[in-house]
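To keep things clear, I will list the structure first and then write my remarks on it.
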Amino acid sequence: MISSDFQGDSFGNVTDMDTIVSLCKRRGFIFQSSEIYGGIQGVFDYGPLGVELKNNLKQLWWSRNVYRRDDMEGLDAAILMNRWVWKYSGHEDTFVDPMVDCKKCKGRFRADKLSESQCLLNPKLHPGECGGELTEPRNFNMMFKTQVGPVADEDSFAYLRPETAQGIFVNFKNVLDSTNRKLPFGVAQIGKSFRNEITPRNFIFRVREFEQMEIEYFCRPEEAEALFESWVQERLDFWVNEVGLKRENLKLYEVPDNERAHYSRRTVDIFYHYPIGWEELEGIANRTDFDLGSHSRQQDQLGLTAQVIKNEHSTEKLTYFDHTTNRHIVPWVIEPSAGVDRGVLAVLCDAYDEEELENGEKRVVLRMKPQLAPIKVAVLPLKKNAPEIVAMAKAIKDDLQRGGRMRAVYDDTAAIGKLYRRQDEVGTPFCVTVDFKSLEDRTVTVRDRDTMLQERVAVDDLKAYLLEKLGL
Ligand code: GAP
């Protein structure tokens with residue numbers, strides 16, 4: 001068993017959430033969705049720098065799990081699915097939170113989280129403490145419903161998927177038949193999921209629209225436990241060595257029976273030390289044959305399904321023919337499931353640093369891995385009113401971004417010291433400065449974000465120099 005060294009709600013990390021939220025808004029990482037209309041709770045937009053950071057994180061995950069392994073296929077399934085998927089996945093019945101209503105303040109709260117909730121009339125009190133009567137708990141399903149087609153009758157609806165996983169399960173046979181894979185193998189997918197969270201909070205930590213990076217790894221039942229253990233280590237290694245999160249900010253948590261999802265025989269969560277405390281970044285679950293088995297079993301009882309999906313030929317069982325035993329088996333599944341938004345938040349919190357410079361000024365710097373940085377290099381002219389320097393700087397920037405391997409920007413909107421600070425604050429690993437000496441000897445200054453040390457590099461060698469340092 002994984003030892004659970006989770007310490008409850010201790011607080012840590014160098015910064016608080018407000019600092020991260022304000023940096024994200026100020027520098028164009030993340031904005032409140034539909035802000036000009038007052039926003040919508042639990043929904044956020046990624047701005048010019050945020051989209052780069054998010055894409056870079058997803059690219060790292062995809063590259064590690066799909067391109068650098070021989071046992072994985074990719075998939076991009078639709079968000080809208082036949083509603084019966086969610087019946088047989090168990091989500092229609094069990095993806096619920098118990099809720100109570102306060103008759104006085106009219107608030108609705110999670111019955112199992114009353115001590116973490118605030119009364120709407122007096123935020124210092126917990127629900128019920130204001131004297132208002134609380135109703136009996138009632139189950140509230142977290143799936144969003146939407147109308148499909150022009151006729152608004154009882155049957156013409158679909159759910160917005162609450163996890164991407166089911167898109168992989170229902171395509172199991174399609175992937176197997178089109179790739180001839182043998183067990184064990186996995187299917188990886190990145191995509192949007194939606195949950196009608198009752199109390200979305202803590203910025204992008206708990207939201208109603210988010211992205212997941214999920215793997216369903218299919219195996220023989222007898223292999224499952226060992227594969228589970230190795231996936232836990234693999235995923236921890238990803239966050240530490242690939243993404244660069246500090247090891248001391250990550251912990252494993254063995255999820256007890258009463259906290260596990262309905263499909264899971266065993267779950268280990270990877271917790272990150274967010275400014276709000278230790279919270280889940282990723283979960284690794286042993287889903288056994290629950291999902292493939294359930295979708296296959298209901299197809300045995302075809303009366304209902306054939307009528308509903310009106311295509312008996314699409315009711316093939318989600319099984320695997322094992323040539324060694326000459327039997328059909330329902331594979332077991334190990335599922336590492338990570339949240340993209342929680343990953344972005346962890347990267348921002350982990351990277352954020354403030355330091356005092358010799359001249360007493362404060363420097364904010366995002367010390368993130370170069371592969372994740374939204375901008376890889378900023379090219380800055382020492383003087384913006386020296387046309388030859390400006391022309392040379394722009395030509396260098398054009399050359400660096402040619403081929404699309406790195407995002408380079410040109411900026412001359414402030415003095416050089418201020419331009420450095422701006423790039424530090426968004427995590428740009430290198431600044432290239434073009435000065436009068438550059439005009440004479442075709443060399444430039446390359447400044448390192450973390451050490452602030454400067455080096456003179458020949459323009460002709462610059463691109464190769466940066467690509468190597470950036471690890472691209
Ligand atoms: N398919 C398994 C599954 O969905 P989960 O633990 O419910 O399991 C997996 O979700 C990951 O998705 C979580 O570890 C978290 O990173 C992310 N996630 C879940 N709900 C979220 C929410 N409301 N907002 C942001 N991320 C969320």
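Read the figures in this text as sums done on the coordinates, not as results from a lab. Because the structure is a prediction, the values reported are computed rather than measured. Quick reminder, even Gly has a Cβ in these numbers, built from the backbone with ideal geometry, and neighbours come from all protein chains shown.
Relative to the current alpha-carbon distance between E35 and Q118, full extension at 0.36 nm per residue lengthens the span by 27.5 nm. Distance from the C-alpha centroid of region 73-92 to that of region 422-452: 49 Å, rounded to the whole angstrom.
Extension gain for S22-D76 works out to 16.1 nm (0.36 nm per residue, less the C-alpha to C-alpha distance).
From the C-alpha gyration tensor of region 96-141, pull out the three semi-axes of the equivalent ellipsoid (sqrt of 5λ each), sorted largest to smallest, in whole Å.
Sorted largest first and rounded, they come to 17, 11, 7 Å.
Lysine pairs in region 375-470 whose alpha-carbon atoms fall under 12 angstrom of each other, counting only those eight or more residues apart or on distinct chains, come to 5. In the chain, a dipole from Cβ-located charges (positive for Lys and Arg, negative for Asp and Glu) runs towards its positive end, and of N249, A224, P150 it is P150 whose Cα lies farthest in that direction. Computed over the alpha-carbon pairs of region 375-470, the distance histogram in 10 Å steps reads 17, 56, 26, 0 percent, short to long. log₁₀ I(q)/I(0) of region 318-389 at q = 0.11, 0.17, 0.21 Å⁻¹, via Debye over equal Cα point scatterers, no solvent, to two decimals? With one equal scatterer per Cα and no solvent, log10 I(q)/I(0) is -0.62, -0.90, -1.02. Computed over region 118-188, the P(r) curve from all C-alpha pair distances, binned at 5 Å from the origin, holds 3, 11, 11, 10, 10, 10, 11, 11, 8, 5, 5, 3, 1 percent per bin. A cut-off of 5 Å between modelled amide H atoms, ignoring neighbours fewer than 5 places along the same chain, links Y274 with E279. In plain terms, if you count all Cα to Cα distances in region 122-266 and split them into 10 Å steps from zero, the share in each step is 8, 22, 34, 22, 11, 2, 0 percent.
When both bridge partners sit in region 372-472, DSSP labels roughly 55% of those beta bridges antiparallel. When both bridge partners sit in the chain, DSSP labels roughly 85% of those beta bridges antiparallel. Partners of K182 within straight-line reach, counting lysines whose Cα lies under 16 Å from its Cα and excluding those fewer than 8 residues away in the same chain: K173. When you work out D = kT/(6 pi eta Rh) for the chain at 20 °C and 1.002 mPa s, using the Kirkwood radius from C-alpha pairs as Rh and the Stokes-Einstein form, the result is 85 µm²/s. A simple spin-label model places pseudo-atoms 7 Å from Cα toward Cβ; at S63 and K383 they are separated by 4.0 nm.
Take each peptide in 194-203, 335-344, count the other Cβ atoms within 10 Å of every residue, and average; sorted highest first, the result is 335-344, 194-203.
Got a sec? Charge dipole of the chain, +1 on Cβ for Lys and Arg, -1 for Asp and Glu; which of F271, Y352, G283 is way out at the positive end? Of the listed residues, the answer is Y352. In this structure, the pairs whose alpha-carbon distance is over 18 Å, taken from K246/K369; K58/K145; K25/K58; K104/K124, are K58/K145; K25/K58.
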